[in-house]
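Notes to accompany the following structure.
The values are calculated or read from the model by the stated rules, or taken from the named source; none is laboratory data. Just so we're clear, the structure is a prediction, and the values are computed from it rather than from any experiment. Backbone-built Cβ (ideal geometry, glycine too); neighbour counts: all protein chains shown. For the accessible areas, the whole protein counts, side chains as well, though only heavy atoms, and no ligand, DNA or RNA atoms are used. Shrake-Rupley method; radii C 1.70, N 1.55, O 1.52, S 1.80 Å.
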Amino acid sequence: MMTPITPAVELTGLARRYGAAYVLKNINLTVTPGRTLILRGGNGAGKTTLLRVLSTRLRPSRGSGRVLGFDLVREAHRVREHVAYLSVFGGAYGGLTARENLALAAKLYGKRGHTDGFLEHVGLHDARDKLVRTFSSGMKKRLGVARLLLADADLWLLDEPYAALDESGRELIDSLLVTAKDTGKTVLMASHELERSARFADRILDVRGGTLVVAPVPREVSRV
Amino acid sequence: MSKAGVGDVAAVVEVARKDLLLELRSKEVVVATLFFSGMVLVILAFALGPDETALRNAAAGTLWTALAFAGVTSASQSYQSELDEGALEQLLLYPLPRATLFLGKLVANWLFMLVLSALLLPLSAAVFGASIAQHLPWLLLTVALGTFGFSLIATFYAALTANLRARESLLPVLIFPIIVPVILASVRASSEVMLLGNPAESRGWVQLLAGFDLVYLVVCTTIFPFVVEE
Amino acid sequence: MTYRTPKASSQPALRQPLWLRLLGLAALALLGVGVTLALFVSPADVNQGNLIRIMYAHVSVAWISFLAVFLTAVFGCLFLWQGRRVHDVWAVANAELALVFAALTLVGGMTYSRPTLNTWWTWDAKLTLTALMFALLVGYFIVRGLIDDPERRGRVSAVVSIIVLASLPFNYLAAEWFRTLHPAKSLALDGSGVTMDSSMVQVLLVNVAAAALLYLYFMLERVRLGRLEANLDEAQDTRSAGAPQEVIHV
């Protein structure tokens, strides 16, 4: 299917294995920029693997993929300029403070300017000089959100963004998804919490045994 | 690989700074590593002593043995902090050439080993009765080149084994056969200086060290991206 | 475009092809000739007497082990460059032979040094180098054994083989200088300057050729088996990778 605009994600026959077992099987998926997709499925269904393949962290075992027109393998470094990934753990250094972690991220993303605003936004202002090791998992997640915003990427890959967060944290994710929609970001998110996330979704994809199936969007939440 | 720019150099510095900061913050680990290498010196002194000439002759050998053990421990340690909270995953997603990550970690590792040698040199001089003050610049050059070669291989293999089973015991097995010329050249070059006070005789060894460092710096930096690719 | 095109271009034969069997026989025959020449035709050495006869096998095997390590790294590079599984198969075949030939070299070296120097081990530079290379190859196989994913296994072991190859000149220099306190003076002492009788050179060349042919035979046979194995994996792989799914467009 040809579209005049470059798809945000374009996967052709993509498969990925761990050892001998395939976790993703022969997936064909095209995502128009600006869409928000939810990946739903049990543990081990392949949600995280799909996100990690899109982030260039894992190479496809078969098939090919493009993100915003850049090949996942041959132009991986270009893909990385356009993708931000929020992992379950947060991916920060326990031995550094929140502020130091974010300053490091800013430098490595090649961004200038202060990072304190982002910490303020995610509600970590008071904890900014504490070591991340002492953080709760919710606070680590918030720090991950701050880095995601800082990266200012076009494609957001969110792995269980609501997990481990308290109510204000969940509202933060809600507002994050609204921001994404408003600013034309493409979002792929693995999520169990459908009642919360479904209202932001354009589509829900069921991930079952490494395959994708389009699930009907519940009518009452179908449109934002 | 994209072409290197000012941004990449800055990234190398940032990664190195981060590693050193983490290392400093985990004081217990640093102290344990320092103490461990000190203990290696002392144990070897007991094993070889008390004959003073024998001790003196063994000074350079024991110094580099202690450095080698501590170097493996510290390289392995620097990847532990990456693995703890999934930080390595994030580090690999920054839009940077992978070589910058290698070089950053290499610099941090090397600086750590330099500090370690700065502490061990006087200790070994005291315990083994060797002279370090004579031709100190030449000795320091040897130490700098030797620890650099060691850090190169240790950092590279620490990344290679980062997510393999049995990482801790695997690392020395892989590193030591590669590092033989570095250890040998460093020991010989430093003992020429420490015992005979004759730097000219050790020139060949120092050249060997420089050649090793240069070749492996190029080789490791070039193929590092394949190591972290999954 | 796919990253790993299944290479069914030339399916290796299930049975050993005739030419390969003939190659094996030729290698065996040449080995027989080489051994006969070494044991009965070659003159005894002026200094070492009949012990020189071990040298023919020892030197041939040693040369081949280094060639095999070199080719392991070459195929490793090709694998990194093109990502074709078959290059990994060639690399492993060479690495296995390098390991075996290095082991034979060590055994030969020890047999040689026991009567001449009255010790099982000497710090002869080339022997030391072979011992280090043996250790490095063991490391190569340990790493291989720890990685399940065939592509990552191929990549990482290719990287290791390149590191191993690059270490050989340094290990050689270090081992060479190790015996003497001063680097520069040892260069002429390693026997390479010693002239050999031309009849001995001929015997040596026959033995080298025999070892090379044996190596070639084992390598080709190992590659044949390796490719069969890879094709089997590939077929299973294609099945478990699943049928093409519907195209989802959102």
> With (1) closer than 26 Å to C:I248 by Cβ; (2) crowded, with 21+ Cβ neighbours inside 10 Å as the list, and A:A92 as the residue in question, which single condition is left unmet?
Replying inline: (1)
> When you go through (1) touching a helix residue (DSSP H, G or I) at 6+ places or on another chain (Cβ under 9 Å); (2) open to solvent by 60 Å² or more (accessible area, probe 1.4 Å) one by one for B:S37, which number turns out not to apply?
Replying inline: (2)
> Which members of region A:127-153 meet the condition of being among the charged types (D, E, K, R) and either crowded, with 23+ Cβ neighbours inside 10 Å or more than 12 Å from every other protein chain (Cβ to nearest Cβ) (or both)?
Replying inline: A:R128, A:D129, A:K130, A:K140, A:K141, A:R142, A:R147
> With respect to C:R53, is the statement that it is touching a residue at least 12 places away in the same chain (Cβ under 8 Å) and among the basic types (K, R) true?
Replying inline: yes
> Going by the structure shown, is C:A38 open to solvent by 30 Å² or more (accessible area, probe 1.4 Å), among the aliphatic types (A, V, I, L, M) and at pLDDT below 95?
Replying inline: no
>> Can you go through B:A66, B:A154, B:A108 and tell me which one is within 14 Å of chain A (Cβ to nearest Cβ) and in a helix (DSSP H, G or I)?
In response: B:A108
>> For region B:140-169: of the residues being at pLDDT 90 or above and more than 13 Å from the chain's Cα centre (by Cα), which is surrounded by the most Cβ atoms within 10 Å (Cβ to Cβ)?
In response: B:T161
> Within region B:162-197, restricting attention to residues that are in contact (Cβ under 8 Å) with a residue 24 or more places away in the chain and outside any helix (DSSP H, G or I), which residue is farthest from B:A133 (Cα to Cα)?
Replying inline: B:N163
> Does any residue of region B:81-94 turn out to be touching a His at 6+ places or on another chain (Cβ under 7 Å) and either surrounded by fewer than 16 Cβ atoms within 10 Å (Cβ to Cβ) or more than 11 Å from chain A (Cβ to nearest Cβ) (or both)?
Replying inline: no
> Across region A:32-50, what is the number of residues that are within 13 Å of A:I204 (Cβ to Cβ), within 11 Å of chain C (Cβ to nearest Cβ) and more than 12 Å from the chain's Cα centre (by Cα)?
Replying inline: 1
> Which one of these does B:S124 not meet: (1) open to solvent by 10 Å² or more (accessible area, probe 1.4 Å); (2) more than 12 Å from chain C (Cβ to nearest Cβ); (3) farther than 22 Å from C:R144 by Cα?
Replying inline: (1)
> Within region B:159-215, can you find the residues that are in contact with a Lys or Arg (Cβ under 9 Å, 6 or more places away or on another chain) and polar (S, T, N, Q)?
Replying inline: B:T161, B:S202
> Which of the strands (runs of 3 or more DSSP E) contained wholly in region A:145-224 include at least 3 residues that are among the polar types (S, T, N, Q)?
Replying inline: none
> Given the structure, is A:G94 part of a loop (DSSP other than H, G, I, E, B), in contact with a strand residue (DSSP E or B) (Cβ under 9 Å, 6 or more places away or on another chain) and touching a residue at least 24 places away in the same chain (Cβ under 8 Å)?
Replying inline: yes
